[in-house]
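All remarks here apply to the structure that follows.
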Amino acid sequence: MSRTVLVTGATGTVSTALMNALEGADVDLRALVRAESKADGLRERNAAVVVGDLDDTRSLPPAFEGVQDVWLLTPNSPRAPENNMNALWAARQAGVERIVRLSVAGAAHDAPNRSGRLHALSDRETEWSGMRWTILRPLWFMQNLLNEADDISGTGTFSLNMASAPIGMVDVRDIAECAARVLLDDPDRHHGETYTLTGPRPLTFDEVARQLSLALGRSIAYLPVSDDAKRGALLGYGVPKWTVDMIEEYAQAYVSGWGDFTTDSVADLLCRPPRDIADFARDHAAAFTRC
C-alpha cells in the first residue's frame, strides 16, 4: 500500500529536487504551500497541493491528515524553531509515523552561526517527538552558485566573502536523492540516524572557478571580497538584514576552516560517489551563459 509523503517547503530548491527524485516512486505526494498561487508546476509532479502555513497551526491539520511520512524543511528565519514545533504538533495530532528533517551541517548549541544553533533546537525537538525520525545535515549547496549566475554570465567573475576557504560543498540533487532513499526505505531502517551530507572533496572557490571555466569554455574568475562589501551588495538587493547577518556568520565560519571536511554518507546511502563540482558545472552550464 502506498504511503503518503507530505513535502514542506515544497517550492524551494531542495524540496523541488526531492519531488523530482521521487517521481515514479510508489508514494502519494502531497505538497504544502503558503498560497494557491504557488501551486503552479507542483500538480504536474502528481502532487496533491494543500494550502497551509507553518507559522499558523490552525492551517495545518488538512495538510497532515492521512500522512505517514513528513519531509520537514523550515525556512531560515528567526521563527524556524517555531515552524518546526508547529509541524511536529500537527504531525503528532495526525498520527504521522516518520519525520525526515532537513537540518544543516554542524548544527549544535555552540555552532558559530545562528542558523546552526536554531537548527540544533529543532533537531533535538524532532528527536524527542515520539515519532520515527531521520535528520539530514548538508554542507554548503553547490546550487548556491546559481545566485552568482548573472555576474558570471555578464562579467566572467563572481565575488564572495569566503577568502580561500575549502568547503566540502554538496550538490542539492544528492541531498534530494538521499532524502528520497530514506523515505522509500522501511521506516525503521534509518530511525534515529543523523547523516551529514557533503560532496566528494573540499573545494576552494578558485577551484570552482576553474571547473566553471572548463564547463563554459571561457575564463571565469573568483574575486574574494570583504564581509562589508558582500553585506552592502546583499542589502542593496533587498535581502533582509537577519539573513545577511546569517550569511556573514557562515562565511566567517567557513574562512576559519569550519567546512573543510567530507563524509561518506552520500555514498553510503546512494551506493555511488557524490556528484563533483565538475558534474554540477557541466549540468548547469546554461544557467551561467548569457543568451
Once phi for every residue in the range 108-114 is put through the Karplus expression 6.51 cos²θ - 1.76 cosθ + 1.60 (θ = phi - 60°), the whole-Hz ³J(HN,Hα) values, with Gly and Pro written as x, are 6, 5, 10, 4, x, 9, 5
Given [x] 53, 38, 37; [y] 56, 43, 35; [z] 55, 50, 38, which label gives Cα extents along the principal axes in Å as computed from the coordinates? [x]
Considering only C-alpha atoms, what is the centroid distance from the range 214-259 to the range 149-163, in Å? 10
Among Asp171, Asp245, Asp53, which one shows the biggest mean-square fluctuation in a GNM of the chain, springs joining Cα atoms closer than 10 Å? Asp245
Placing unit charges on C-beta atoms (Lys and Arg positive, Asp and Glu negative, everything else neutral), compute the dipole magnitude of the range 85-125 about its Cα centre in debye, rounded to 20. 60
Assigning unit charges at the beta carbon (Lys, Arg +1; Asp, Glu -1) and nothing else, what dipole magnitude in debye, to the nearest 20, does the chain show about its Cα centre? 260
Rounded to the nearest 10 degrees, what's the angle between the helix 227-236 long axis and the longest principal axis of the chain, both from Cα atoms, 0 to 90? 60
Whether the range 244-291 is rounded, prolate or oblate, judged on the alpha carbon gyration tensor where a/c under 1.5 counts as rounded: oblate
For the chain, with +1 on Lys and Arg beta carbons and -1 on Asp and Glu, the positive-most of Gln68, Met246, Val33 along the dipole: Val33
If one builds a Gaussian network model of the chain from Cα atoms under 10 Å apart, the most fluctuating residue listed among Leu223, Leu88, Leu212 is Leu223
Residues with beta-carbon under 13 Å from that of Pro81, excluding Pro81: net charge, scoring Lys, Arg +1 and Asp, Glu -1? +1
Counting Lys and Arg as +1 and Asp and Glu as -1, what is the net charge of the other residues whose Cβ lies under 14 Å from the Cβ of Thr243? +2
Counted neighbours (other Cβ, 10 Å), sorted fewest up, put Lys241, Lys230 in the order Lys241, Lys230
GNM top mover of Met246, Met169, Met19 - the chain, alpha-carbon springs below 10 Å: Met246
Each residue of the range 49-57 in turn: what ³J(HN,Hα) in whole Hz from Karplus with 6.51, -1.76, 1.60 and θ = phi - 60°, glycine and Pro shown as x? 9, 10, 8, x, 9, 5, 6, 10, 4
Would you pull out the residues with amide H under 5 Å of Arg3's amide H, same chain only if 5 or more places away, H placed 1.01 Å from N? Asp28
With Cα atoms, 0 to 90° folded angle of helix 241-255 axis to the chain main axis: 60
Lys/Arg +1, Asp/Glu -1 at C-beta; the chain dipole; positive extreme among Val225, Pro138, Gly199: Val225
Simple label model, 7 Å out from Cα along Cβ direction - Ser37 to Ala229, nm: 3.7
What is the angle, in °, between the Cα long axis of helix 172-184 and the longest principal axis of the Cα atoms in the chain? Nearest 10 is fine, range 0 to 90. 20
Hz values of 3J(HN,Hα) by residue in the range 11-21 - Karplus curve (6.51, -1.76, 1.60), Gly and Pro given as x: 9, x, 4, 6, 5, 4, 5, 5, 5, 4, 5
When Tyr254, Tyr237 are arranged by how many other beta-carbons sit within 10 Å of their Cβ, fewest first, they go Tyr237, Tyr254
Note down the relative contact order for the chain as a percent, whole number, built from C-alpha pairs under 8 angstrom at least six residues apart. 18
Answer in debye to the nearest 20: the dipole magnitude of the range 89-234 about its Cα centre, from +1 Lys/Arg and -1 Asp/Glu charges placed on Cβ, is 120
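Computed from the coordinates by the stated procedures, all read-outs in this text should not be read as laboratory data. Model, not experiment: these values are computed from the prediction. So basically every Cβ, Gly included, is an ideal-geometry build from the backbone, and we count neighbours across all protein chains shown.
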